[in-house]
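A.B. asks: One structure follows; several queries about it will come next.
Nothing in this text is a laboratory measurement; each read-out follows from the coordinates by a stated rule. Just so it is clear, the structure is predicted and the values come from calculations on it, not from any experiment. For neighbour counting, all protein chains shown are included, and Cβ atoms are generated from backbone atoms with ideal geometry for every residue, glycine included.
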Ligand code: SF4
């Protein structure tokens with residue numbers, strides 16, 4: 001991956017980022033790659049243009065790397081730490097690096113993962129493990145199973161809130177009370193794990209044949225609205241997430257006020273992932289189109 005330094009951050013930060021790039025070994029795709037939008041992972045692995053990301057946008061993941069490194073030296077002597085495993089599914093070689101696993105005392109294994117996140121990220125997920133963590137760790141269970149480590153009886157995640165602000169505790173009743181927590185992750189049954197693996201590999205392979213579009217959710221789209229507006233009034237009457245909802249509202253209001261001149265206006269939102277966190281954005285035709293369309297709407 002090419003790392004730019006557009007904000008002119010310290011050269012040693014750049015070196016750290018370059019030295020700590022995720023290495024998926026001889027695998028075609030990593031478990032985390034399989035959990036990205038299929039368009040993104042297919043473009044990342046096709047090798048035609050190197051994925052590119054700016055150092056400033058990598059900072060959260062660099063903090064996560066440093067946290068992983070710090071934890072490596074503190075695990076029990078019977079633990080397996082930061083070990084990469086491989087499995088093949090539908091002829092795709094997949095890798096995944098397990099943070100920490102240890103015998104559960106009953107002939108099986110406990111799997112543990114270190115995560116860093118934001119305070120509001122935890123609030124929005126209702127203090128439950130994020131869905132992507134549940135999916136990633138259950139794919140690791142299959143990876144371990146196929147490498148002879150089974151059963152996995154328990155999965156936990158140690159969560160560090162990288163932007164925790166003590167003064168917010170108590171002032172906002174939802175804000176996390178501590179900078180760290182531990183969460184249990186449900187272990188899916190074998191059938192659910194196999195079906196999930198089959199689905200994500202299938203989507204990845206299909207995307208290699210024909211690139212699908214990323215959905216608004218996959219692009220982390222925020223703030224895109226359809227506004228019902230009235231001629232002569234500056235602010236919108238109401239905002240909606242979809243055109244259909246706005247259209248219905250306009251029809252209802254128009255019936256009640258036949259003399260009003262109502263119309264619908266689109267207000268472009270932000271595709272946060274495309275703007276800052278997608279390493280293939282610089283050569284993604286979908287993102288180019290979105291930017292072009294947003295510009296047209298705004299002018
Ligand atoms: S730039 Fe946006 S649309 Fe293109 S692959 Fe990345 S996330 Fe998807």
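A.B. asks: Mind jotting down the three principal axis lengths of region 72-181 based on Cα atoms? Whole angstrom, largest first.
C.D. replies: Dimensions of region 72-181 along the principal axes of its Cα atoms: 50, 34, 23 Å.
A.B. asks: Report, to the nearest 10°, how far helix 55-72 tilts away from the longest principal axis of the Cα atoms in the chain, using its own Cα long axis and a range of 0 to 90°.
C.D. replies: That works out to roughly 30 degrees.
A.B. asks: Can you give me the angle between helix 190-209 and the longest principal axis of the chain, using Cα atoms only, in degrees from 0 to 90, rounded to the nearest 10?
C.D. replies: Approximately 60 degrees, to the nearest 10.
A.B. asks: If each of residue 104 and residue 255 carries a label point 7 Å out from its Cα toward its Cβ, how far apart are those two points in nm?
C.D. replies: That separation, rounded to one decimal, is 5.8 nm.
A.B. asks: Using only the alpha-carbon atoms of region 187-299, report the extent along each of the three principal axes, biggest first, to the nearest angstrom.
C.D. replies: 61, 36, 25
A.B. asks: For an R0 of 45 angstrom, estimate the FRET efficiency from the Cβ-Cβ distance between residue 285 and residue 168 and round to the nearest 0.05.
C.D. replies: Using R0 = 45 Å, I get an efficiency of 0.60.
A.B. asks: Over 10 Å intervals from 0, what percent of Cα-Cα pairs in region 2-209 sits in each interval?
C.D. replies: Distribution as computed: 7, 29, 36, 23, 5, 0 percent.
A.B. asks: Also, quick follow-up: With both bridge residues required to lie in region 148-245, what share of the DSSP beta bridges run antiparallel, to the nearest 5%?
C.D. replies: The antiparallel fraction comes to roughly 90 percent.
A.B. asks: Another question about this same structure. Which percent, nearest 5, of DSSP beta bridges in region 2-209 are antiparallel?
C.D. replies: Close to 55 percent.
A.B. asks: Still on this structure: In percent, how large is the relative contact order of the chain, given Cα pairs closer than 8 Å and 6 or more residues apart?
C.D. replies: Relative CO of the chain lands at 17 percent.
A.B. asks: Further question: How high is the FRET efficiency between residue 209 and residue 1 when r is their beta carbon distance and R₀ equals 22 Å, given to the nearest 0.05?
C.D. replies: 0.35
A.B. asks: So what's the back-of-envelope 222 nm ellipticity for the chain, counting only DSSP H runs of four-plus at -39500 (n - 2.57) apiece and dividing by all residues, rounded to 500?
C.D. replies: -11500 deg cm²/dmol
A.B. asks: Ignoring solvent entirely, what values of log10 I(q)/I(0) come out of the Debye formula for region 1-121 at 0.10 Å⁻¹ when each Cα is a single scatterer?
C.D. replies: The Cα Debye sum returns log10 ratios of -0.40.
A.B. asks: At what distance in nm do the modelled label points of residue 177 and residue 234 sit from each other, each positioned 7 Å from its Cα along Cα→Cβ?
C.D. replies: Those two pseudo-labels are separated by 4.6 nm.
A.B. asks: I need two numbers for region 226-265: Rg to one decimal and Dmax as a whole number, Cα atoms only, in Å.
C.D. replies: 9.2, 26
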